[in-house]
Amino acid sequence: MTKLTPRLSSRIRLAGIMAFLGVIGPGIITANVDNDAGGITTYSLAGAQFGHAFLWTLFPITLLLILVQEMSARMGVVTGKGFADLIREHFGVRWTFYILLMLLVANLGNTLSEFAGVAASMEIFGFPKYLSVPLTAAFVWWLVVKGSYRSVEKVFLFASFFYVCYLASGFLAAPHWAGVIKSSLIPSWSGKPAYLAMFIGMVGTTIAPWMQFYLQSSVVDKKIQPKDYWVTRWDVIVGCFATDIVAYFIIVACAATIYAHGLSINSARDAAVALAPLAGKWASLLFAFGLFNASVFSASILPLSTAYSMSEGMGWESGVDHSFREAPAFYSLYTGLIVLGAGLILIPHAPLIPIMYWSQVANGILLPFVLILMLVLINQHRLMGEHVNGPVLNVTAWVAIIFLVLLNSLLLLTTLFPSFLTG
Amino acid sequence: MQIFLSELSGRGVYDQYGKRVGRLKDLVIHPSGSLPEVIGLVIRHHPGAIYLPFRNVARLEPEGIWLSLGSESISPSPPPEDHLLLRRDLLDAQVVDTHGARILRVNDVLLSYLAGHLRVDGLDIGVKGLMRRLGWMFLFSHLTRILGIAVPAGILPLDTVALIDKGAVRVHLSVPQDGLVRMHPADLADLAEEMGRQQRSRLYSALSDEQLADLIEAADSSMQVSILHEIVPTRAVRVLEAMEPDEAADLLGEIPGVESSALIQSMTPETGAELQQLLTHNENSAGAMMTTSFLAVNGEATVKECLKWFKESAPEVELNAYFYLTNPEGQLSGVVSLRRMLFAAEHDQMTQLSPKEIYHVHVHTSCQKAVEMIAHYKLLALPVLDAGNRIEGVITIHDVLAYLQEGRTK
């Protein structure tokens with residue numbers, strides 16, 4: 001028998017590339033969902049109210065985001081288990097239940113704000129919300145329940161490209177580039193309460209509790225092998241940079257127009273409308289479309305991720321591969337979140353403000369727990385083996401997390417007591 | 001008396017004079033046996049936990065545990081190694097319900113105390129167990145009574161459960177592990193998909209190469225690739241050799257070329273060459289879809305000879321429905337179904353039994369075309385020929401089902 005010479009057929013070569021592509025996705029998708037309706041609103045307001053003052057903060061924020069996300073992804077790859085699973089196994093049922101309950105409340109509010117984003121952006125295009133919101137909700141539900149997660153993921157990766165809208169919008173706004181670059185490189189600081197509140201809001205909207213659950217679950221779902229982890233790490237890093245580049249251009253667009261003309265806005269919708277006379281119709285429409293895309297994208301992910309995590313932690317069957325009869329809790333949670341999230345937008349005089357308010361509070365209470373539990377888990381040798389945090393990373397992570405927890409407590413205090421910072 | 005672990009743990013433990021020793025921290029059971037008995041208790045105590053054999057328990061009640069010895073004769077000692085601790089290892093852990101083929105989480109453990117022996121009766125995987133653990137049982141049971149909702153007990157008997165461990169616990173319940181291994185490969189494949197990495201690798205090592213090959217064949221393609229990556233290369237080679245050649249070739253086609261050629265080179269020359277051959281076929285051709293295990297006999301042979309050969313050598317092929325006949329040049333000359341042979345005269349020549357028209361495809365024929373022929377002529381299998389009309393393999397009805405299912409999920 002002669003030695004077999006490897007004959008590469010077209011089939012094998014393609015498989016190698018597919019194996020690489022098979023690993024990327026979770027990091028990019030999670031980071032992009034992070035730029036949801038709430039995120040875009042925060043960045044628009046930052047640009048509109050403070051001009052370029054917040055551009056530099058995006059660099060440390062990106063690093064923080066990478067730090068936190070990398071640990072989630074690593075935990076998913078090494079243990080092959082979701083975050084809720086690990087919490088349940090290491091901290092017991094009580095911790096799990098109350099953390100997941102908080103997550104449910106927080107994500108209901110987040111879902112609500114995504115549908116509000118859908119309504120607001122489609123109104124700019126002339127579609128009434130009574131049409132756009134139910135249609136979007138039905139589409140989102142159908143996409144996930146009737147498609148397989150792998151096909152859905154492809155749709156999401158494709159949707160990530162639409163964030164380019166904001167880059168285009170930023171250029172159309174014709175900013176003063178020299179000023180932009182200068183403010184990006186030289187940090188500025190102000191002790192004014194409004195500035196502090198915006199800073200906290202920026203960090204708060206970028207690092208949210210749901211991401212830790214979603215990223216880890218999707219890494220687990222893809223069964224990424226430790227040897228392919230380096231691809232996932234790049235997936236996370238590229239995703240985090242992409243998401244903050246988008247944030248950067250949102251700030252630039254709003255600073256060059258709304259801030260420069262001294263106008264005042266209250267929402268992302270206002271920002272899109274205000275762009276029309278200042279930067280042209282296209283800038284405005286691209287901005288609005290970006291908001292629509294981001295809202296639909298996040299409205300698909302948040303309810304799904306919440307239902308997954310809840311079922312996972314409580315030990316209920318989960319996943320769209322099961323029928324309703326097999327996984328009633330999963331489907332009820334998923335459908336319930338979409339119906340509530342979309343439905344509340346359509347009910348006149350629904351208590352939207354209190355719901356968003358309490359969801360913000362739930363987010364705020366949840367984040368410290370999520371980050372600290374994550375750090376405790378990732379340092380468990382019997383769980384992570386050789387993949388525990390190194391000493392340098394660990395010190396950095398603890399410092400970063402203490403910083404985040406402090407900022408977050410401030411955010412929580414300003415939410416609960418609006419006059420806390422203004423005195 | 002039946003009692004739940006959650007009701008018992010944290011209860012006071014008292015010595016024979018009624019003096020409090022500490023709180024019950026955990027219960028230790030012996031790792032083997034179908035009805036595990038509690039053989040000891042772990043008591044939370046300052047400065048260190050105390051392990052006591054269960055025979056020192058005089059009385060066990062929902063309110064507490066009374067020992068038969070004085071606290072002066074008790075000293076801190078760790079529980080024996082390699083034993084299962086109910087709270088530490090079982091509570092909140094994932095288990096496999098081998099009857100329902102699903103993975104569940106243990107909310108509570110049901111114990112029974114009878115004639116001085118405490119045994120594990122079953123695992124609580126229901127909503128009630130969850131409520132009991134969360135401390136909402138009182139509210140929950142009142143609510144369900146008022147609303148008239150019947151909540152199932154949600155207790156799984158231990159012998160239908162397989163433990164897949166939480167964390168890196170070293171102990172196993174020996175009997176239930178067998179239950180896992182005896183499950184249908186297709187069910188196991190579904191379960192493996194839901195398990196954590198460590199649980200999966202434990203499952204793979206509990207299976208024989210043949211069982212793992214069956215499991216891989218039943219899994220979907222992305223899962224197949226990860227299984228192949230999660231076992232050591234030497235085992236991967238053995239498992240691939242144990243798989244149906246067409247399945248093995250499909251799997252090798254999913255991984256990078258460098259890896260697949262390395263695996264193929266470690267195989268026995270025959271299997272390696274066969275898989276290499278299968279791999280060169282275009283993905284959408286009959287050649288890539290076919291299996292290379294089939295029954296082929298000389299067309300001149302008699303029915304008796306063929307049946308004798310079949311019974312004695314019991315060839316392992318995917319489908320036993322047809323005997324393919326070849327002429328001296330090795331070309332396909334006929335096909336006879338097993339059923340036809342059973343009703344034929346013993347000395348009939350196989351060629352005489354074959355129909356004139358032999359449905360077949362060539363290795364380059366598209367999958368679509370092959371599937372259409374099988375459906376149209378209601379065949380169980382379709383022979384695949386090379387350019388010289390020699391039989392290379394067959395496409396069975398199972399291959400068709402797998403092909404259609406894959407097309408639906410993609």
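The values are calculated or read from the model by the stated rules, or taken from the named source; none is laboratory data. Everything numeric in this text was worked out from a predicted model, so none of it was measured. Cβ placement follows ideal geometry from the backbone for every residue including glycine, while neighbour counts extend to all protein chains displayed.
Quick one: in the range A:221-233, of everything that is among the hydrophobic types (A, V, I, L, M, F, W, C) and in contact (Cβ under 8 Å) with a residue 24 or more places away in the chain, which residue is farthest from residue A:69 (Cα to Cα)?
A:224
Take the residues in the range B:294-315 that are aliphatic (A, V, I, L, M) and either crowded, with 19+ Cβ neighbours inside 10 Å or over 28 Å from the mean Cα position of the chain (by Cα) (or both), then tell me which one is farthest from the other protein chains (Cβ to nearest Cβ).
Among residues in the range B:294-315 that are aliphatic (A, V, I, L, M) and either crowded, with 19+ Cβ neighbours inside 10 Å or over 28 Å from the mean Cα position of the chain (by Cα) (or both), the one farthest from the other protein chains (Cβ to nearest Cβ) is B:303.
Give A:91, A:162 a once-over and let me know the one that is in a helix (DSSP H, G or I), among the aromatic types (Phe, Trp, Tyr) and either touching a strand residue (DSSP E or B) at 6+ places or on another chain (Cβ under 6 Å) or within 14 Å of chain B (Cβ to nearest Cβ) (or both).
Exactly one of A:91, A:162 is in a helix (DSSP H, G or I), among the aromatic types (Phe, Trp, Tyr) and either touching a strand residue (DSSP E or B) at 6+ places or on another chain (Cβ under 6 Å) or within 14 Å of chain B (Cβ to nearest Cβ) (or both), namely A:91.
Could you check the range B:57-75 and list, in sequence order, the residues that are in a loop (DSSP other than H, G, I, E, B), out of contact with any helix residue (DSSP H, G or I) (no Cβ under 9 Å at 6 or more places or on another chain) and at pLDDT below 85?
B:70, B:75
Can you give me the number of residues within the range A:216-270 that are part of a helix (DSSP H, G or I), modelled with pLDDT under 85, farther than 23 Å from residue A:62 by Cα and under 21 Å from the mean Cα position of the chain (by Cα)?
So the answer is 2.
Go through the range B:305-410 and tell me which helices (runs of 4 or more DSSP H), entirely inside it, have 1 or more residues that are among the hydrophobic types (A, V, I, L, M, F, W, C) and under 25 Å from residue B:279 (Cβ atoms).
Correct list: B:367-376, B:397-409.
The conditions are (1) touching a Ser or Thr at 6+ places or on another chain (Cβ under 7 Å); (2) surrounded by fewer than 18 Cβ atoms within 10 Å (Cβ to Cβ); (3) within 23 Å of residue A:226 (Cα to Cα), and residue B:262 fails exactly one of them. Which is it?
Residue B:262 satisfies every listed condition except (1).
So, residue B:133, is that one under 30 Å from residue A:101 (Cα atoms), of a type in the set (Lys, Arg) and either out of contact with any strand residue (DSSP E or B) (no Cβ under 9 Å at 6 or more places or on another chain) or in the same structural domain as residue B:49 (by TED's automatic domain parsing) (or both) or not?
no
Hey, among the residues in the range A:162-197 that are among the hydrophobic types (A, V, I, L, M, F, W, C) and closer than 14 Å to residue A:247 by Cα, which one's surrounded by the fewest Cβ atoms within 10 Å (Cβ to Cβ)? Please lay out each step first, then the result.
Taking the range A:162-197 as the starting set, the residues that turn out to be among the hydrophobic types (A, V, I, L, M, F, W, C) are A:162, A:164-165, A:167-168, A:171-174, A:177-178, A:180-181, A:185-186, A:189, A:194, A:196-197.
Narrowing the set further to residues that are closer than 14 Å to residue A:247 by Cα leaves A:162, A:164-165, A:167-168, A:171, A:180.
On the way: A:162: 17, A:164: 14, A:165: 22, A:167: 18, A:168: 17, A:171: 17, A:180: 20.
Top of the filtered list is A:164.
Just to verify a result, which residue in the range B:276-293, among those that are assigned to a loop (DSSP other than H, G, I, E, B) and of a type in the set (Ser, Thr, Tyr), is nearest to the other protein chains (Cβ to nearest Cβ)?
B:280
Residue by residue, here is whether (1) at pLDDT below 85; (2) within 14 Å of chain A (Cβ to nearest Cβ); (3) buried (at least 21 other Cβ atoms within 10 Å of the Cβ) holds:
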| residue | (1), (2), (3) |
| --- | --- |
| B:196 | yes, yes, yes |
| B:211 | no, no, no |
| B:222 | yes, yes, no |
| B:225 | no, yes, yes |
| B:234 | no, no, no |
| B:238 | no, no, no |
| B:245 | yes, no, no |
| B:251 | no, yes, yes |
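Given the residues B:262, B:273, which is the only one that is in contact (Cβ under 8 Å) with a residue 24 or more places away in the chain and either in a helix (DSSP H, G or I) or more than 8 Å from chain A (Cβ to nearest Cβ) (or both)?
B:262
Please verify whether the range A:140-148 includes one or more residues that are crowded, with 24+ Cβ neighbours inside 10 Å and out of contact with any Leu (no Cβ under 7 Å at 6 or more places or on another chain).
Checked the range A:140-148: at least one residue is crowded, with 24+ Cβ neighbours inside 10 Å and out of contact with any Leu (no Cβ under 7 Å at 6 or more places or on another chain).
Does residue A:370 satisfy the criteria of being under 23 Å from residue A:213 (Cβ atoms), within 24 Å of the chain's Cα centre (by Cα), surrounded by fewer than 18 Cβ atoms within 10 Å (Cβ to Cβ) and not polar (S, T, N, Q)? Steps first, answer last, please.
Numbers: under 23 Å from residue A:213 (Cβ atoms): yes; within 24 Å of the chain's Cα centre (by Cα): yes; surrounded by fewer than 18 Cβ atoms within 10 Å (Cβ to Cβ): no; not polar (S, T, N, Q): yes.
No, not satisfied.
Taking residue B:330 as meeting all but one of (1) without any contact (Cβ under 8 Å) to a residue 60 or more places away in the chain; (2) more than 30 Å from residue B:223 (Cβ to Cβ); (3) of a type in the set (Gly, Ala, Ser), write down the number of the exception.
All conditions are met except number (1).
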